[in-house]
Every structure is written in C-alpha cells, then in structure tokens.
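Values quoted throughout were computed directly from the atomic coordinates according to the rules given, and no laboratory measurement underlies them. Every value quoted in this text rests on a predicted model; they were computed, and no experiment measured them. Methodologically, a virtual Cβ is constructed for each residue, glycine included, from the backbone with ideal geometry; neighbour enumeration extends over all protein chains shown.
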Amino acid sequence: MNHSAIETNALRKEFGAKVAVADLTLTVQRGEVFGFLGPNGAGKTTSVKMLLGLVARTSGEGRVLDAPLGNVAARAKIGFLPEHFRFQDWLSGREFLDLHARLYGIETENRKARIEKLLTRVDLQDAANRKLKEYSKGMLQRIGLAAALLNEPQLVFLDEPTSGLDPLGRLIVRDVIQELRAQGTAVFLNSHLLSEVEVTCDRVAFVKNGRVIREMGLRETRNEIEIELQVKNPTPNLLRDLAQFGKNVRQWNGSIHLETDGESHIPEINRWLVAQGVDVYKIGAAKPSLEKMFLEVMGEDARAG
Ligand SMILES: Nc1ncnc2c1ncn2[C@@H]1O[C@H](COP(=O)(O)OP(=O)(O)OP(=O)(O)O)[C@@H](O)[C@H]1O
Ligand SMILES: [Mg+2]
C-alpha cells in the first residue's frame, strides 16, 4: 500500500474560458489532517470535486487511495461533506442516514448501531425523528458530517464543515477530526476558519488562483521561538534585563515579546522573574498566527471576492 492518500500532478480544470484550478500538485499522507486554504474562488471546492471524480479534470493526473480519480471502489472508502448540499429533506435525520448507509451497502446488523453512534456523535439524537426540512443550517451541517462518516472512510473531505456552526458545533467538528486522526483516517479540510485549522491540521497548503503557492507543516518544532509574557507593571529596566534571554524584546498588545532559541528558556525566564519579585500572569510560546501568514502569503488577493 502506498503511503499517500492523495497524489496529484498538475491537475487542471477549466470551465470554458475560466481556469478554476490551474496546476494542483500536492501529496496528502494517509492519516494526515491536511488544511487547504485560500481566498474565495481560489479553486478549493473544484479541487475537491476533481479528487472525488465529481468534476472531470481538463488535464493532469491524480490518484486517491491508490486508485485513479473517480474510481468507484476507492470512492466507497472516502467520506465527503460538501460545501453546499441538497439533502432529501422530506426524510428524518435517522431515515436520511439509513438511506445513505444502504447506498453504501452497509449490512443491516451494523447499520443501526453505526447510525445511532453517529447521531450521538453529532449531537442530533434528540432531533433524529424530525424532518430535515425542519433542521437549522447548523443541524444540516452536522447530519451531513455524520453521513460523511457512515462508511468508516479512510479519507474524508470536509468542505467548509464549520461555516454554519455555533461554537459548540465547531467543537464537535474539531473533536471528530481529532478522532479521525487517532484512527489513522486522512482528512482534507477546506476552511476559512484559520484558528480552527491551526489547532486541527498537521499540514496546510495555501492555494491562490488554483495553484499551491506554499505548503507548511504546523506540527514542526522550530528552534527559534517567540516567547510571550504578561507581568504586573513591567518597567523599562525589566525589559532591558530580559534581553539576557533573547533578542528583540518589545511590548506589544499588552504583552512582552522576545525571540529565543528554544522553549527551555520559558521556565528559566519564569524562575528569574519570580526571583526578581515580578508577578507573572502568563508566560508561553507565541506562535505566529495562521491568519497573519495567510494575509502575507495571499497579499492583495486575500481581499479579492
Ligand atoms: N461550474 C462552474 N462553472 C463555471 N465556473 C465555475 C464553476 N465552478 C466553479 N467555477 C469558478 O471557478 C473558480 C473556483 O471556484 P471554487 O468554487 O472552486 O472556489 P473556492 O476556492 O471553493 O471558493 P470559496 O472559498 O468561495 O468556496 C471560481 O472563479 C468559480 O467562479
Ligand atoms: Mg468552496
């Protein structure tokens, strides 16, 4: 078995004169949670649809779970939560999942238990007998997520899974993604909510005009780190003395920031501050935010509609 869940080379999609995806070249490992980030219209949904075989590619190559794009046997091992979905809204939540489980060919004995487990997982047990047409947007998104997991997939595509969700619903999605990772399921996540991508993804790709322009691991341990601390009444002397631990000591946004060559300086600085009689409210590593990086990488395009 190949170790990659997805491999593409120069995948391209044109809709008439419109180039939706120019050159998609990427690899997603099995078991990896991969974030696919880019501004509106960057080609994220079109890319996902090509990988699923729902949209025919114009050119280029791709393999998903060791099979050519659109392969039916591979598709049975893939889960998909679409960005915009049309559900059979005359069915109840439970009937809807049952229909999809039957479409997957899941045997009767397993079907019921799996459906009840998923209904609980997405917190829709109480609404399971209500018709989907009575569901709110967030409830529909959660039932869609449950449907995407029915076949116990090896790879799950989630296209903006949290766009309609309240904070509790987002937490469910986050937990589901962590559970998928723990089971070794690969997740391909399209999302604009960068704070969530930051906590859930192992790696991200920034896509712009249908082209991956930067890929980045989020779990890599970097040597150079920025430390952020909050103390009671920081004095100029304190700021000066902190320079013994690192460089570029500055006050910003109510915190003191400095750059050091490793996390080992955190307890060291903490001990030193306490010895100086300084009250420490907070100390830790400050990560560069994904949002800041997104805006840098995308430049002006980040604002384009
Ligand atoms: N069926 C289609 N016919 C013509 N153009 C299309 C079609 N589907 C998508 N496009 C165009 O392709 C480009 C990429 O669209 P896509 O939906 O893939 O972007 P996206 O990155 O998912 O955006 P969003 O963040 O808004 O969901 C857009 O310019 C869009 O208008
Ligand atoms: Mg989209």
Out of PHE188, PHE87, PHE245, any idea which swings most in a Gaussian network model of the chain, alpha carbons joined below 10 Å?
-> PHE245
Would you mind putting 132-139, 235-242, 34-41 in packing order, based on average other-beta-carbon counts within 10 Å, highest first?
-> 34-41, 132-139, 235-242
Which one of ALA182, ALA286, ALA17 has the biggest mean-square fluctuation once the chain is modelled by GNM with Cα springs under 10 Å?
-> ALA17
With a point put 7 Å past each Cα toward its Cβ, work out how far ARG214 is from GLU109 in nm, to one decimal.
-> 5.3 nm
Using a Gaussian network for the chain with springs between C-alpha atoms less than 10 Å apart, which of these wobbles most: GLU198, GLU179, GLU107?
-> GLU107
At what distance in nm do the modelled label points of LEU238 and GLU179 sit from each other, each positioned 7 Å from its Cα along Cα→Cβ?
-> 4.5 nm
Using the Cα gyration tensor of the chain, with a ≥ b ≥ c the square roots of its eigenvalues, what is the shape: rounded (a/c below 1.5), prolate (a/b larger than b/c) or oblate (neither)?
-> prolate
Please give, to one decimal in nm, the separation of the simple spin-label points placed at GLU152 and ASP66, each 7 Å out from Cα toward the Cβ.
-> 1.8 nm
Virtual paramagnetic centre 7 Å along Cα→Cβ of LYS247, amide N under 14 Å, in the range 262-293 = 262
Förster radius 22 Å - calculated FRET efficiency between ARG130 and HIS84, Cβ distance, rounded to 0.05 = 0.55
What are the lysines whose alpha-carbon lies under 30 Å from the alpha-carbon of LYS44, with same-chain residues fewer than 8 places away excluded?
-> LYS13, LYS18, LYS77, LYS133, LYS137, LYS208, LYS287, LYS292
Rg over Rh [alpha-carbon atoms, Kirkwood Rh] for the range 153-288 | 1.10
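One-quarter of the Cα convex hull surface for the range 126-165, in nm²?
Working: hull surface 13.0 nm².
That works out to 3.3 nm², a quarter of the Cα hull's surface.
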Please give the per residue volume of the convex hull enclosing the alpha carbon atoms of the range 225-290, rounded to a whole number of Å³.
-> 82 Å³
With charges only on Cβ, +1 for K and R and -1 for D and E, what is the dipole size of the chain about its Cα centre, in debye, rounded to 20?
-> 720 debye
